[in-house]
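As structure tokens, the structure follows; a few thoughts come after it.
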There are 2 protein chains.
Amino acid sequence: MVDSQGRFLRACRRQPVDATPVWFMRQAGRYLPAYRAVRARHTLLEVCKNPELSAEVTITAAEQLGVDAAIIFADLLLPVEPMGLKLRFSDGDGPVVEPVLREAKEVAELRSDIGGELGFVGEAIRWVNKHFGGRVPVIGFAGAPFTLASYMVEGGSSRHFLQTKSLMYNAPETWAQLMEKLCAVLETYLEGQVEAGAAAVQLFDSWAGCLAEGDYRRYVLPYSRRLIQAVQSADVPVIHFATGTAGLLAAMHDAGAAVLGVDWRIELGHAWAAVGFEPAIQGNLDPVALFAPSAELRQRVAAVLKQAGGRPGHIFNLGHGILPDTPVDNVRAVVEWVHELSAAPRAKSAADE
Amino acid sequence: MVDSQGRFLRACRRQPVDATPVWFMRQAGRYLPAYRAVRARHTLLEVCKNPELSAEVTITAAEQLGVDAAIIFADLLLPVEPMGLKLRFSDGDGPVVEPVLREAKEVAELRSDIGGELGFVGEAIRWVNKHFGGRVPVIGFAGAPFTLASYMVEGGSSRHFLQTKSLMYNAPETWAQLMEKLCAVLETYLEGQVEAGAAAVQLFDSWAGCLAEGDYRRYVLPYSRRLIQAVQSADVPVIHFATGTAGLLAAMHDAGAAVLGVDWRIELGHAWAAVGFEPAIQGNLDPVALFAPSAELRQRVAAVLKQAGGRPGHIFNLGHGILPDTPVDNVRAVVEWVHELSAAPRAKSAADE
């Protein structure tokens, strides 16, 4: 019998598990009273930059939910600061990165030789690992080069990615330089997380789904692939996640991550088939399903597991982060149901063999 | 030789054409100086409700671009007013629908027996047809029930469609009643447009791509299908459009439209293959490609045509509406390139036969 402790990492490697592992993007977030209590006293960036605090919110969430992995609490945009840009969070409107990058000169001036400036994230990973003592693996993470570039070029969130794509199309060399610099920074950043004990790393290319496949292959894939290879050369699996990628999966698979993260806008079985069942796959409950009545939610959990077909290499997650007003009890229930519903048929099939 | 006049309608019916027809979503929009001049004197709703003005902006755009079809100028949200809600457009933030619908009682109070309240749209179609005298076909349009419902439930645009999906999941009967009422209103509305001379109708389910396939099939498809059948029973082809539908195409095809409109986030050939090459297909240049340098833009137009494979039944369009700052010359150039690049190989293959 495979123990529950190795579930998450075994699934990343497509090895048999006793039950499907489950964790949630943004599992340490506003929907949790304990998180809100910390945030009542500290800004988001204060929590991120204080290893004790970020370890605390990471640990509390994982303990309260009973999930199979703890993603370290941090913000996607932390790397823009040591590169020379300003980062702040406006109320309600999300992140603001200043000044926006539009010209070759501005990209040329970005720093890419960061050293220990983001070391607080590694430090937080050490705290969490010390607490769990191997009982719950810690997932490190970073924004992928494209998604970080889009924030730097747009100055924040974007609907049409007009400036980002315009830079690609009109100044491909400047674009390439920006992506090269981001790769260098992210490689250092992720190496630090791996050295600190991250058991796996999730690369969030959250907005890559805005791209046509041709643009993805030309302007994004080479950089994501390089970064994924660098992390995986240390035998640490990468979860390569983006949203709205039903048309991009083959291209994303070419970036070589051990695990592909998909959202609910593609049937999980179809997603897996599209990449030849080679990588492990993570997903893909709609975060809004957590607002459904209990019976309906349970059916939806069962449906995701059914679509995964009981194959080794499924990691249960949402298709995007937990939303702020999500009922905590529903999140906890999903963890229990995933374990319960996925353990049963496997135990039976093991008995059959 | 097939003449250029029937290009658009012939393509809707997958009949051979002399060149691929092309038009653009939001072709009468802010990027055009002539449109801005009209809007400097009139609000959006004033233009929509004045048949002479909406005909004028429709005609001017089609004439200036040399496109193969003229979509009538109107707003997706016009039907919410006769149903009993208020509609306004806030600066920059897009449409606001008030009050938001959340309770069964609020849905029960909506009117669905509208008569001539939206007759100004049909009137505008008559004006445009009178001007063109059959030279350029007029496309009528409406928002699909799901997309209109989402605006009514969210009160405007939405990122997560939390309230809309919550209503589906928690009050499926209220949801069904809302969709029934929208169907009734939209059927009357579209019948009026067809009687006025719309040669085809585009049903914009712009935000349906936010749904998992199972939710689409359960909560949306039956209503879209009914509406499409009603319009097509009058022998008027429906273009069924949504964005981000790479995972939804088979389900959308089940709604039965003669033409499926797709965005750039699925390779056109893959999209067509996914629906067995049965319907005609419309798309799918990224609107941001119109900001690319001329040589790059031309290559992208050629790539879309190549992906369509020269099959009968391709209508060239963007994957979403033209953006406000789009260079007009680039839009005009795309029309010329589509005609030029699609005419050549077909003329040759006709000569070969």
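So how many residues does the stretch A:186-214 have that are within 16 Å of residue A:150 (Cβ to Cβ), surrounded by fewer than 24 Cβ atoms within 10 Å (Cβ to Cβ) and out of contact with any strand residue (DSSP E or B) (no Cβ under 8 Å at 6 or more places or on another chain)?
Looking only at that region, the number is 2.
Kindly provide the set of residues from the stretch A:294-339 that are without any contact (Cβ under 8 Å) to a residue 24 or more places away in the chain, surrounded by fewer than 20 Cβ atoms within 10 Å (Cβ to Cβ) and among the basic types (Lys, Arg), ordered by number.
Passing the criteria: only A:306.
Return the residues of the stretch B:190-231 that are under 30 Å from residue B:5 (Cβ atoms) and either charged (D, E, K, R) or within 14 Å of chain A (Cβ to nearest Cβ) (or both); say none if nothing qualifies.
Result: B:191, B:195, B:205, B:206.
Please identify the pairs in which a residue from the stretch A:154-170 that is within 9 Å of chain B (Cβ to nearest Cβ) has its Cβ atom under 8 Å from the Cβ atom of a residue that is in a helix (DSSP H, G or I) and surrounded by fewer than 18 Cβ atoms within 10 Å (Cβ to Cβ), counting only partners at least 6 apart or on another chain.
A:169/B:296
Of all the residues that make up the stretch A:71-102, how many are modelled with pLDDT under 95 and farther than 18 Å from residue A:147 by Cα?
3
Report, by residue number, each residue of the stretch A:272-288 that is in contact with a strand residue (DSSP E or B) (Cβ under 8 Å, 6 or more places away or on another chain) and small (Gly, Ala, Ser).
If the condition is that a residue be in contact with a strand residue (DSSP E or B) (Cβ under 8 Å, 6 or more places away or on another chain) and small (Gly, Ala, Ser), then A:280, A:283 are the ones that fit.
Filtering the stretch B:15-53 down to residues that are hydrophobic (A, V, I, L, M, F, W, C) and assigned to a loop (DSSP other than H, G, I, E, B), which residue is surrounded by the fewest Cβ atoms within 10 Å (Cβ to Cβ)?
Per the stated criteria, the residue is B:19.
I'd like to know if the stretch B:259-278 contains one or more residues that are under 20 Å from residue A:247 (Cβ atoms), in contact with a helix residue (DSSP H, G or I) (Cβ under 6 Å, 6 or more places away or on another chain), crowded, with 20+ Cβ neighbours inside 10 Å and of a type in the set (Asp, Glu).
yes
For the stretch B:84-106, state whether one or more residues are touching a residue at least 40 places away in the same chain (Cβ under 8 Å), under 19 Å from residue B:140 (Cα atoms) and in contact with a strand residue (DSSP E or B) (Cβ under 9 Å, 6 or more places away or on another chain).
Within the stretch B:84-106, not a single residue is touching a residue at least 40 places away in the same chain (Cβ under 8 Å), under 19 Å from residue B:140 (Cα atoms) and in contact with a strand residue (DSSP E or B) (Cβ under 9 Å, 6 or more places away or on another chain).
Is it true that some residue in the stretch B:311-329 is more than 21 Å from residue B:209 (Cβ to Cβ) and at pLDDT below 95?
Looking for residues that are more than 21 Å from residue B:209 (Cβ to Cβ) and at pLDDT below 95, one finds at least one in the stretch B:311-329, hence yes.
The values are calculated or read from the model by the stated rules, or taken from the named source; none is laboratory data. Please read these numbers as outputs of a predicted model, since none were measured by experiment. When we count neighbours, we look across all protein chains shown, and the Cβ atoms used for this are built from the backbone with ideal geometry, even at glycine.
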